[in-house]
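The values are calculated or read from the model by the stated rules, or taken from the named source; none is laboratory data. Predicted model, so just to flag it, every value in this text is computed and none were measured. A quick note on method: Cβ atoms are made from the backbone with ideal geometry, for glycine too, and the neighbour counts reach across all protein chains shown. Keep in mind that these areas ignore ligands, DNA and RNA; they rest on the heavy atoms of the full protein, side chains included. Shrake-Rupley method; radii C 1.70, N 1.55, O 1.52, S 1.80 Å.
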Amino acid sequence: MPTIGVKRDLLFEQLGKKYTDDEFQELCFAFGLELDEVTTEKQMLTKEQGDVAAVANASEDIIYRIDIPANRYDLLCIEGLVTALLVFQGKIKPPKFLLVEPAKRQVLKILPETSLIRPYAVAAVLQNITFSKDAYDSFIELQDKLHQNLCRKRALVAIGTHDLDTIQGPFTYEARAPDNIHFVPLNQKNKMNGLELMEFYSTHSQLKQYLHIIRDSPVYPIIYDANGVVLSLPPIINGNHSKITLDTRNVFIECTATDLTKAKVVLDTMVCMFSVHCAKKFTVEPCDVVHPDGTVITYPEIKVRQTTISAQKANDYIGIQEEPRQIANMLTRMYLDAQVANEGDTLTVNIPPTRHDVLHACDIYEDVAIAYGYNNIKKSLPAFMHIAKQFPLNKLTEQLREQVAQAGFTEGITFTLCSRDDIAKKLNKSIDSIAAVHIANPKTLEFQVVRTTLLPGLLKTLVANRKMPLPLKLFEISDVVVADDDTEVGARNERRLCAVNCNKTAGFEVVHGLLDRVMQLLEVPWKSGSIQQGYNLQAAEDSAFFPGRCANIMLNNVAIGRIGVLHPTVLQAFELATPCSAVEFNIEPFV
């Protein structure tokens, strides 16, 4: 959930009313937001840096830090927040955004080679805009918020904003070899080529996190104007020539992307939020984007979508009884202009280009509930009786936890994610032979796969507690995840019990005794000559266990787990110097 900081006095000025902190918090809550903190710039910097002297010149204006729902991109700046709150309070009507045809449209031509790196681009122009210092700061901050959230740190979309009066169309979006790109980056004085730029920004505190997106590509995306002036090198940095200032009056906005839908959402959000500062409010100039196949598409779309909902369904889902006209008024307050169709049950809802979060009728019903007020919905019992009970597998898990703990073992709760080495190399196995679910983009080496066994987590717990007196007896009852092509999602959970005994001797009899105790509690007999159904041990070989000291746990002739003495190389891999024995088996067959 993103958090925005807005100056209290500026916010109240634009809202046309002064609130106490409690009053504004109540307004936020009624609208579905949360006032997270009341602070100042100086307090925030002091908290971050810890050096009071270093932030002596920081502002002491009161700042409201407000938590914004992750799907409400239109509330990520003060312009959108103020408009939405004024509409919610009924002080203004939802604005209508218009495309205004210029004397000559700006054109952005996409060349074919961009398909190698970032194939999509969209563009628009904000004409006769007036920036105050606060509006300029909000303009820059909204771009940053969108980059971090919807744009997935610029991997999906990168936004470029330029002073249109300093450049000349038509513009071309190309992809060139990095040593063929030369320009002066934003706020710099020296011209650099693509390779020099990558090296220069490799230590930059903010931009270094985006370099990997294009750094290893043979070509870099680049946007030129008609005179060969570089506008931007997306998704890294704009050119210094066309940078926005407080004196800028006409803004050219371009978004390059790997996802066209996200690019259109980002462009709509940018122009809708800041068209409020144009001479003609809520107007935008369109641009023509020429695709490599010659197709010409006009952006931004800023189209109003229309859908219908049932007023009765809204009442039934929320648990209220309101007339269709009242529900229409509630939706209008939530920035969704609605009317009753033919005085019946059906409502026609107009979804503006600022509300890309509305994907389904349930999103509209949610807005009805917010406008009505969650605290105003009366609590009621269901129309029919429900008898709840604990999930059988969880009930068995809780019962076993208590009994294993009474047997002298200490419970551990370990991470569900682990490294590939934990479940493979350290257990003397090959990762290719393990049906593991891999994380597509792991952030650290410690969390690369979902665990397929509970054993590594307990061995790591032993390492962290090796200074404790022996014996150390640990257990865990939890889920592992196994890749399975026969399931709908390609993987399945499996609830297992794992226990480890660490002592001066391996103590195989300790884990064997625990297994017998668990089977006794589950009323599963030992399978012998006269008893055909039950459990027994069957000799097995497993590279994680000492040769000749490993067995499969068989339940009615089906292997459900393993028991044995851990191999010395496994102990060494986990930095353990004390012998260990372990048992691990699936408890789901006993439910």
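Within segment 390-417, the set of residues being hydrophobic (A, V, I, L, M, F, W, C) and over 25 Å from PRO589 (Cβ atoms) comprises PHE415, LEU417.
Yes/no per residue for (1) of a type outside the set (Val, Ile, Thr); (2) in contact with a helix residue (DSSP H, G or I) (Cβ under 6 Å, 6 or more places away or on another chain); (3) open to solvent by 20 Å² or more (accessible area, probe 1.4 Å):
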{"residue": "PRO547", "(1), (2), (3)": "yes, no, yes"}
{"residue": "ALA551", "(1), (2), (3)": "yes, no, no"}
{"residue": "MET554", "(1), (2), (3)": "yes, no, no"}
{"residue": "VAL558", "(1), (2), (3)": "no, no, yes"}
{"residue": "GLY561", "(1), (2), (3)": "yes, no, no"}
{"residue": "GLN572", "(1), (2), (3)": "yes, no, yes"}
{"residue": "ALA577", "(1), (2), (3)": "yes, no, yes"}
{"residue": "PHE585", "(1), (2), (3)": "yes, no, no"}
{"residue": "VAL591", "(1), (2), (3)": "no, yes, yes"}
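Among the residues of segment 347-369, those identified as outside any loop (DSSP other than H, G, I, E, B), hydrophobic (A, V, I, L, M, F, W, C) and open to solvent by less than 30 Å² (accessible area, probe 1.4 Å) are LEU347, VAL349, ILE351, ILE364, VAL368, ALA369. Taken over segment 405-429, the criterion of being open to solvent by 50 Å² or more (accessible area, probe 1.4 Å), farther than 13 Å from GLY457 by Cβ and either of a type in the set (Val, Ile, Thr) or under 32 Å from the mean Cα position of the chain (by Cα) (or both) is satisfied by THR410, ARG420, ASP421, LYS425.
Any chance segment 537-544 includes a residue that's over 45 Å from the mean Cα position of the chain (by Cα), of a type in the set (S, T, N, Q) and in a strand (DSSP E or B)? There is at least one residue in segment 537-544 that is over 45 Å from the mean Cα position of the chain (by Cα), of a type in the set (S, T, N, Q) and in a strand (DSSP E or B).
Just one residue in the set ILE244, ILE327 is open to solvent by 10 Å² or more (accessible area, probe 1.4 Å) and aliphatic (A, V, I, L, M); that residue is ILE244. Within segment 370-404, being in contact (Cβ under 8 Å) with a residue 40 or more places away in the chain, open to solvent by 40 Å² or more (accessible area, probe 1.4 Å) and small (Gly, Ala, Ser) holds for one residue alone: SER380. Are there any pairs with C-beta distances below 7 angstrom linking a residue in segment 85-106 that is farther than 17 Å from PRO352 by Cα to a residue that is at pLDDT below 90, with the two at least 6 apart or on different chains, and if so which? That search, which allows pairs on different chains as well, returns GLN106/GLY169. The condition of being more than 35 Å from the chain's Cα centre (by Cα), open to solvent by less than 30 Å² (accessible area, probe 1.4 Å) and closer than 27 Å to ALA435 by Cβ holds for only one of ALA491, ALA499, that being ALA499. Within segment 111-124, being crowded, with 23+ Cβ neighbours inside 10 Å and among the aliphatic types (A, V, I, L, M) holds for ALA121, VAL122, ALA123, ALA124. Every test in (1) in contact with a Lys or Arg (Cβ under 6 Å, 6 or more places away or on another chain); (2) open to solvent by less than 30 Å² (accessible area, probe 1.4 Å); (3) over 15 Å from GLY160 (Cα atoms) is passed by LEU211 save one, and that test is (1). Number of residues in segment 407-431 that are part of a helix (DSSP H, G or I) and acidic (Asp, Glu) equals 2. Evaluating LEU514 against the criteria (1) of a type outside the set (Gly, Ala, Ser); (2) farther than 29 Å from HIS438 by Cβ; (3) touching a His at 6+ places or on another chain (Cβ under 9 Å); (4) open to solvent by less than 20 Å² (accessible area, probe 1.4 Å) leaves one unmet condition, (3).
Cβ separations smaller than 8 Å between residues 6+ apart or across chains give the following pairs from segment 454-473 residues that are in contact (Cβ under 8 Å) with a residue 60 or more places away in the chain and over 13 Å from LEU576 (Cα atoms) to residues that are open to solvent by 70 Å² or more (accessible area, probe 1.4 Å) and polar (S, T, N, Q): LYS473/THR410. Open to solvent by 20 Å² or more (accessible area, probe 1.4 Å), over 29 Å from ASN128 (Cβ atoms) and outside any helix (DSSP H, G or I): does that describe SER202? Answer is no for this residue. Looking across segment 516-540, just one residue is in contact with a Gly (Cβ under 9 Å, 6 or more places away or on another chain) and in contact (Cβ under 8 Å) with a residue 40 or more places away in the chain, and that is VAL524.
In segment 477-494, the residues that are basic (Lys, Arg) form Cβ pairs under 9 Å with partners that are open to solvent by less than 30 Å² (accessible area, probe 1.4 Å), at six or more places apart or across chains, as follows: ARG492/VAL481; ARG492/VAL482. Cβ separations smaller than 8 Å between residues 6+ apart or across chains give the following pairs from segment 1-21 residues that are farther than 21 Å from ASP137 by Cα to residues that are in a strand (DSSP E or B) and open to solvent by less than 20 Å² (accessible area, probe 1.4 Å): ASP21/LEU35. Here GLY344 clears all of (1) assigned to a loop (DSSP other than H, G, I, E, B); (2) of a type outside the set (D, E, K, R); (3) buried (at least 20 other Cβ atoms within 10 Å of the Cβ); (4) at negative phi except the condition numbered (3). Of the residues making up segment 432-464, not one is in a helix (DSSP H, G or I), closer than 15 Å to VAL481 by Cβ and open to solvent by 40 Å² or more (accessible area, probe 1.4 Å).
When you look at SER530, is it part of a loop (DSSP other than H, G, I, E, B) and either under 30 Å from PRO392 (Cα atoms) or out of contact with any helix residue (DSSP H, G or I) (no Cβ under 8 Å at 6 or more places or on another chain) (or both), yes or no? Judged against the criteria, SER530 is a match.
Scanning segment 128-156 for residues that are open to solvent by 60 Å² or more (accessible area, probe 1.4 Å), assigned to a loop (DSSP other than H, G, I, E, B) and under 24 Å from ALA263 (Cβ atoms) yields ARG152, LYS153.
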